[in-house]
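To keep things clear, I will list the structure first and then write my remarks on it.
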Amino acid sequence: MPLELIEDPSLGSDKREGLWTLNFGPQHPATHTTLRLVLQLDGEMVIDAEPDIGFLHSGFEKLGEVLDFNQYVTIVDRMNYISPLANEIAWHHSVEKLLGIELTPRCKYIRTIFAELMRIHDHLLCTGTCVLDLGGATAFMYAFNEREAIYEICERASGQRFHTSYTRVGGLLYDVTDDWVEMVKKYCKNFPKAFRDFEGLVMKNRIFVERTRDVGVLSKEDAIAGGATGPVARASGVVRDLRRDEPYLAYDELDFDVCASQGGDCYARFQVRMMEMLESIKIIEQAIEKLPSGPIYAAGTGKETIPDKREVYRSIEGLIHHFEGIMPNRQMASPKDSVYAATESPNGELGYYIVGDGSFRAYRARTRPPSLLHFSLFARMMRGCMLSDVVAVLGSINIIAAELDR
Amino acid sequence: MSNQPSTNKAVPGSTSQMESTKANLVAALPGIELTWSVFCDQDRVVFPAGSLLKVLKACKSAGFDQLTDLTAVDLLEYGNAADRFEIVYCLLNVDSGLRLIAKTHLSEPDLTIPSATQVWFGADWLEREVYDMYGIIFDGHPNFKRLLLPQEFQSFPLRKDYPVKGRGERHNFPVVTRAES
């Protein structure tokens, strides 16, 4: 039956008898984590897709009301665990906006470098697994090889490979060392070659192109009204990038292009992500060249930031300073007001709406997760596609269930 | 593939563009009490819940074509707030980059407000999540039910009177065996 006929509201339920229902997930290799889809199919054509989410709901936002601004960073890490540092940067960006803290130039640059490394990290996983779901296991290995190198860079800076918890209010846990700078430089040098190998395996692969082109199309109007952001919106022709349009960190001092496409299909989303990885390398190269010296913690009244560990252990003033920053009854007071601030995370606009109540923790810490808005558009993208396209569309919008459900 | 050069850099906060948008909104909504404020370069407006749809439609006509976020805050323990809930609409004009945060207040017992899905369809899941967490009912929503929690869940966990450790729901959750299913 043609799609228009099935969608006709005057059609009685008996005419829908030919449709069958298929349960997809919550445990399916292509969902990557736990999410469930209830598909209405006409033969192999998808008529309707109803996502059923919440399997990973863990009350992160409730915890945000209990933990202080520094403690909660360990929780935001676990939202989009594909690019943990991007979450941390977004969270502390909002907190610093609420508290009115201006970062030091060195801190800004280190965070910018990490934000871009995370973009590559995230895009490599998204593109790699998208190809894997469509049957290309080799390209996936190439992508994961490059991700491993980024884990090592994270480990060198923070001591953790995965959940780094590296940012602090007004600063960073540790300053980076010279060999970290060398590691990043080496990464930037090696990445383009690996990227070319990866690109060659995928972008001209006929099977891949035919399974993604004109599949899961999202129009520009739907992308705007549906709240799509980031690579998904840019692939539909919405040329908006918070790094350029609302510059934060050091982005206004760096030169880069915004990658966009007009297609709106899975291939366009894939292409935008591929292009963005090269732009990120360009940004990192510039930032590492310009990396300023100086302190990593913002100067202020002192209470909002934690002092350097060397000061804490070696001087009485440092110890008192640390105490004042940690003890709940002595911490800095936040303004009794609310603020929404967003950063361009790899997946799209990751924003935090924080309500301050005069203590050093949020009265309300709302996450604006890009995955949630993108997944709500899934049914629109799927209409009229084939059953085998489900995995292609799921892979192209990069749903991270931990961020989706929080 | 097009790499477009930097254009239309938006400066957040009350710029001349924002001032003219504000003037348009005030002109389009005669007789509705709008309270404007600015904090951290962000423009906010508080409006009465009764005129919600009028205000949101006027916002959309004024160029705010994307609903970036929709959330709620429980003001139960927040100083001496007059109302129980605050509903927050974060709006964005995609072309110019202007942002506006529109807020309204609700109090018990009537926690019903009109749904914004007819203005921006992206409000769909956001409203379901707010219902799930706070129990606010969005009238006119096409598929109104819980989003994240099980449909049979009784409480609204992000309310301030709900304990952080829960009320034992997980512990007492019925286990369905294979024979019973």
Report those strands (runs of 3 or more DSSP E) wholly inside segment B:67-177 carrying at least 1 residues which are within 11 Å of another protein chain (Cβ to nearest Cβ).
-> B:85-92, B:99-106
Would you pick out the residues in segment A:380-389 that are under 15 Å from A:S219 (Cβ atoms) and in contact with a Leu (Cβ under 9 Å, 6 or more places away or on another chain)?
-> A:R380, A:M381, A:M382, A:R383, A:G384
How many residues are within 19 Å of B:T71 (Cβ to Cβ) and either in the same structural domain as A:G25 (by TED's automatic domain parsing) or among the polar types (S, T, N, Q) (or both) when one looks only at segment A:357-398?
-> 3
Given (1) crowded, with 17+ Cβ neighbours inside 10 Å; (2) closer than 28 Å to A:V238 by Cα; (3) at pLDDT below 90; (4) not charged (D, E, K, R), index of the condition B:S96 fails | (1)
Listed by range, helices (runs of 4 or more DSSP H) wholly within segment A:27-106 having at least 2 residues that are touching a Cys at 6+ places or on another chain (Cβ under 8 Å) are A:84-99
Of the listed residues (A:G159, A:G135, A:G227), the one being on the phi > 0 side of the Ramachandran plot, crowded, with 20+ Cβ neighbours inside 10 Å and assigned by TED's automatic domain parsing to the domain that holds A:P292 is A:G227
Say we look at segment A:6-31 and pick out the residues that are buried (at least 16 other Cβ atoms within 10 Å of the Cβ) and modelled with pLDDT of 75 or more; which of these is nearest to A:V131 (Cα to Cα)?
-> A:H28
What single numbered condition from (1) loosely packed, with under 14 Cβ neighbours inside 10 Å; (2) of a type in the set (K, R); (3) within 25 Å of A:N70 (Cβ to Cβ) fails to hold for A:R168?
-> (1)
Of the residues B:D110, B:D65, which is over 14 Å from the mean Cα position of the chain (by Cα), charged (D, E, K, R), under 20 Å from B:I136 (Cα atoms) and surrounded by fewer than 23 Cβ atoms within 10 Å (Cβ to Cβ)?
-> B:D110
Based on what the data block shows, is A:R273 under 28 Å from B:L70 (Cα atoms), more than 11 Å from chain B (Cβ to nearest Cβ) and crowded, with 19+ Cβ neighbours inside 10 Å?
-> yes
What are the residues in segment A:297-356 that are under 30 Å from B:D74 (Cα atoms), surrounded by fewer than 17 Cβ atoms within 10 Å (Cβ to Cβ) and out of contact with any Gly (no Cβ under 8 Å at 6 or more places or on another chain), if any?
-> A:I326, A:M327, A:P328, A:N329, A:R330
Quick one: what pairs do we get from segment A:43-55, first residue crowded, with 17+ Cβ neighbours inside 10 Å, second among the hydroxyl-bearing types (S, T, Y), C-beta under 7 Å, 6+ apart or different chains?
-> A:F55/A:T34
Working only within segment A:204-222, note down all residues that are out of contact with any Phe, Trp or Tyr (no Cβ under 9 Å at 6 or more places or on another chain), among the polar types (S, T, N, Q) and under 23 Å from A:A233 (Cβ atoms).
-> A:S219
Output yes when any residue across segment A:248-264 is farther than 30 Å from A:G171 by Cα, more than 10 Å from every other protein chain (Cβ to nearest Cβ) and buried (at least 20 other Cβ atoms within 10 Å of the Cβ), and no when none is.
-> yes
Neighbours by Cβ (under 6 Å, 6+ apart or cross-chain): first from segment A:305-332, modelled with pLDDT under 85; second among the aromatic types (F, W, Y) = A:T305/A:Y297; A:Q331/A:F360; A:M332/A:F360
A:H121 passes all but one of (1) in contact with an Asp or Glu (Cβ under 9 Å, 6 or more places away or on another chain); (2) closer than 20 Å to A:T367 by Cβ; (3) not in a helix (DSSP H, G or I); which number fails?
-> (3)
Looking only at segment A:61-81, decide whether some residue is of a type in the set (G, A, S), buried (at least 22 other Cβ atoms within 10 Å of the Cβ) and within 12 Å of chain B (Cβ to nearest Cβ).
-> yes
Could you look through segment B:33-43, keep only residues that are surrounded by fewer than 20 Cβ atoms within 10 Å (Cβ to Cβ) and either touching a residue at least 24 places away in the same chain (Cβ under 8 Å) or touching a Ser or Thr at 6+ places or on another chain (Cβ under 6 Å) (or both), and pick out the one that is nearest to A:E96 (Cα to Cα)?
-> B:D41
When B:C59 is evaluated against the numbered criteria (1) surrounded by fewer than 22 Cβ atoms within 10 Å (Cβ to Cβ); (2) of a type outside the set (V, I, T); (3) within 15 Å of the chain's Cα centre (by Cα), which criterion, by number, is the only one it fails?
-> (1)
Six or more apart or on different chains, Cβ under 7 Å: which pairs go from a residue in segment A:131-156 that's in contact (Cβ under 8 Å) with a residue 40 or more places away in the chain to one that's of a type in the set (S, T, N, Q)? Could you list them?
-> A:G136/A:N205; A:A143/A:T127; A:C154/A:Q160; A:C154/A:T164
Go through (1) facing another protein chain (nearest Cβ under 10 Å); (2) under 25 Å from A:M274 (Cβ atoms); (3) surrounded by 20 or more Cβ atoms within 10 Å (Cβ to Cβ) and name the single condition A:R380 misses.
-> (3)
Taking segment A:196-212 as the region of interest, how many residues are under 24 Å from the mean Cα position of the chain (by Cα), of a type outside the set (D, E, K, R) and in a helix (DSSP H, G or I)?
-> 3
Name every residue in segment A:357-373 that is in contact with a Ser or Thr (Cβ under 7 Å, 6 or more places away or on another chain) and more than 10 Å from chain B (Cβ to nearest Cβ), in order of residue number.
-> A:S359, A:F360, A:P370
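The values are calculated or read from the model by the stated rules, or taken from the named source; none is laboratory data. Source: prediction; values computed, not measured. Cβ atoms come from the backbone with ideal geometry, glycine included; neighbour counts cover every protein chain shown.
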